[in-house]
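Contents: one structure, followed by commentary.
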Amino acid sequence: MSANFDPDITLMFIAPSGQGISRNNLRVCLEKQFNRKQLPPQFESAIDSVWKSRTASNTTLWNGTKFRIDSVIFQDTICTFNLGITCYKDFIGTNWSPNAKLYRELGVSEHNNSQVFMSDALGVGSLVQTADNFGIFLRRSLNCAEASGLLDIPGGHPEPQEIVGKIEADQIALESIAPQAVVDEIYNSTLREICDEVNIPPSCLTDPVLLGIARNTTSSGRPSAEFFVRCSLTSVEIQTRYSTGDHPEADESTGIKFIKITDILQLKSQSDIWNDLAPSAKGCVELFTLHNS
């Protein structure tokens, strides 16, 4: 579903309007069938070549594991994520590949699914509402590889290694992972990113509510689960905490911006701000607006 034709995003899933999905109402089905399918050999070897080149120039790179979302099922009040496992190497080699358009076209022609060959590592992001009714946005550092310099929401990825440890994707036995542990990591990672990027204590945050999933078309449909979180601190209190600069991911942003919730609901009509948003922020704002329209 396109988001009013904004070219940067599409909407993969929209939670019931005005309701959202709580932690208790999310399930996961973690199976190998939801991993990405292998590309023809010449393209798989290209993924390996790109990764070898990257690691040769940057020895600190780690082929970390991520969850891959294949599809979503919603029935009654229960939402189920169909998940597989992917890795950073495959993400760089598919979603960020110069051949990404070709891979997606192959997916359509061979499987009627543009994303079947893509890593599609699941991200998370959140619109955080302050006690005085502002939303929090961060100005991404110019050193960030993606959406550098743009306004974004706090976000990152749920990490399989938080559950199984630091091991390679092909060594993970999916059947050994408790589904509830994955659900908890999805929600906990959302809170973790707010704490690490904004310097807000966990005790000041409500449990996230899932608004839906948006795809970032600038990275070939990379999906991000977007949440809504309330904070018991005011914008002034948060500004003070953020400005200390001693939080774990302080280097990922260069400033913080507060926008009134009432203005966020009209943000698409303010082209100067809307065009300054990272795709992940656009997706979250679009979903939040739909839930409050």
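The values are calculated or read from the model by the stated rules, or taken from the named source; none is laboratory data. These numbers come from a predicted model, not from an experiment. Positions of Cβ are backbone-derived with ideal geometry, glycine not excepted, and every protein chain shown enters the neighbour counts. These area figures cover heavy atoms from the full protein model, side chains too; ligands, DNA and RNA do not enter into them. Shrake-Rupley method; radii C 1.70, N 1.55, O 1.52, S 1.80 Å.
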Q: Measure nothing but the geometry: give the 0 to 90° angle between the long axis through the Cα atoms of 179-198 and the longest principal axis through the Cα atoms of the chain, rounded to 10°.
A: 50 degrees
Q | Accessible surface of the chain [probe 1.4 Å, protein heavy atoms]: carbon and sulfur percent | A | 49 percent
Q | Kirkwood estimate for the stretch 75-210, i.e. one over the average of 1/r between Cα atoms, Å | A | 17.3 Å
Q | Coordinate range along principal axes, alpha carbons of the stretch 130-199, Å, largest first | A | 43, 31, 15
(Q) Less than 23 Å apart at the alpha-carbon level, and either on another chain or at least 8 residues along: which lysines does that give for residue 37? (A) 52, 66, 89, 101
Q. Accessible area, 1.4 Å probe, largest first: how do 229, 50 sort?
A. 50, 229
Q: Please state, as a whole number in µm²/s, the translational diffusion coefficient that the Stokes-Einstein equation yields for the stretch 53-132 at 20 °C and 1.002 mPa s, with Rh defined as the Kirkwood radius across alpha carbon pairs.
A: 143 µm²/s
(Q) With unit charges on the beta carbons (Lys and Arg positive, Asp and Glu negative) and the dipole taken about the Cα centre of the chain, which residue among 12, 24, 164 sits farthest to the positive side? (A) 12
Q) Residues in the stretch 225-255 near a label at residue 73, defined as backbone nitrogen under 15 Å from the 7 Å Cα→Cβ point? A) none
**Q.** Accessible area of the chain divided out per residue, in Å², using a probe of 1.4 angstrom
**A.** 45 Å²
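How big is the Cα convex hull of the stretch 1-151 in projection, averaged over all directions, in nm²?
That works out to 12.0 nm².
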Q: Work through the residues other than residue 185 whose Cβ is under 9 Å from its Cβ and net out their charges, Lys, Arg +1 and Asp, Glu -1.
A: -3
Q: Compute the distribution of all C-alpha to C-alpha distances in the chain, in bins of 10 Å from 0, and list the percent of pairs in each, rounded to whole numbers.
A: 6, 28, 36, 23, 6, 0
Q.
What number results when the radius of gyration of the stretch 237-293, computed over Cα atoms, is divided by 2.2 N^0.38 Å?
A. 1.31
